[in-house]
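The values are calculated or read from the model by the stated rules, or taken from the named source; none is laboratory data. In this text, all values refer to a predicted model and were calculated from it rather than measured experimentally. Every residue, glycine as well, gets a Cβ built from its backbone with ideal geometry; the counts of neighbours run over all protein chains shown. SASA here: full protein model, heavy atoms, side chains in, ligands and nucleic acids out. Shrake-Rupley method; radii C 1.70, N 1.55, O 1.52, S 1.80 Å.
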Amino acid sequence: MVVKKVEAPPDQMDWRECSECQRLAPPRSWHCKVCKVCVLKRDHHCLYTGCCIGHRNHRFFMGFIFYLFVGSVYALVYNSIYMWIIQGHIYCNWLTLLKLTCPMLLLVTGSFWVNMYLLFYSLNVLALAYGVLLLGYHVPIVLRGGVSADRTKESKQKYDRGVYQNLRSVFGDRMHIAWLSPLIRSDLPDDGYHWTASRNRKD
Ligand SMILES: [Zn+2]
Ligand SMILES: [Zn+2]
């Protein structure tokens, strides 16, 4: 992840000098003001994991948001069965709807445990909504081989090598099973320093 100090490589004229690190940095690396280093194929600085998401941990971040989504769906199904069917005589009323839309009401009315279930149900719905938002934002970026920092249409398509290669670039050579667990080893095909723009490949 951290860019090593290098001598000017004659074959890498597209490297740039980072004014913060005062070192040469390869293409697709960006300086993170929080981490205080240039990060290879930097996607973004993640507030939840407290580090930058880049070339070597992009796969783990995608797994994190995928399992956030899966876990939220799993919990919501069981919570809904419990609250709306098994305990329906307690929760199926207008006051529950009001409490879910205005959580401050949980402080002034209802028993402690009934309100606690409603509070955790609200958090469950929020986690699911957040998981859907994150997946909806990051999956298209991974599929097109880009990073979150790409803003222009040209930069979004610059490293697009096709869906298969783009996925392999993030999830590694064993991408078919790598998404199942972070413990499964899956070597990345790219070293993070050398990138070929997709438009050059077509030439
Ligand atoms: Zn830097
Ligand atoms: Zn960072």
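So how many Lys-Lys pairs in the chain land under 24 Å Cα to Cα, not counting same-chain pairs under 8 apart?
15
Along Cα→Cβ, 7 Å out, is where each label goes; now give me the distance between the ones at residue 22 and residue 149 in nm to one decimal.
Each label point is offset 7 Å from its Cα along the Cβ direction, giving 2.1 nm.
Can you give me the distance in nm between label points at residue 51 and residue 13, each placed 7 Å from the Cα along the Cα-to-Cβ direction?
Roughly 3.6 nm, to one decimal.
Just the number please: accessible area per residue for the chain, 1.4 Å probe, all protein chains included, in Å².
63
Under 5 Å between amide hydrogens, which residues at least 5 positions from residue 23 or on another chain qualify, with H placed 1.01 Å from N in the peptide plane?
18
Quick one: Cα centre-to-centre distance for region 157-175 and region 17-59, in angstrom?
20
For residue 70 and residue 116, what does the FRET efficiency come to when R0 = 25 Å and r is the distance between their Cβ atoms, rounded to the nearest 0.05?
0.55
Could you give log10 I(q)/I(0) at q = 0.18 Å⁻¹ for the chain, computed by the Debye formula over C-alpha point scatterers of equal weight, without solvent?
Results for the chain at q = 0.18 Å⁻¹ read -1.21.
Taking R0 as 35 Å, what FRET efficiency do you get between residue 81 and residue 137 from their Cβ-Cβ distance, rounded to the nearest 0.05?
Given R0 = 35 Å and the Cβ-Cβ separation, E is 0.70.
Which of the peptides 178-190, 132-144 is most tightly packed, and how do the rest follow, judged by the mean count of other Cβ atoms within 10 Å per residue?
Top to bottom by mean Cβ count within 10 Å: 132-144, 178-190.
How large is the helix-only mean residue ellipticity at 222 nm for the chain, computed as the sum of -39500 (n - 2.57) over DSSP H runs with n ≥ 4, divided by its residue count, in deg cm²/dmol to the nearest 500?
Helix contribution divided over all residues of the chain: -13500 deg cm²/dmol.
Any idea what the relative contact order of the chain is, in percent, if you count C-alpha pairs under 8 Å spaced at least 6 apart?
Result for the chain is 17 percent.
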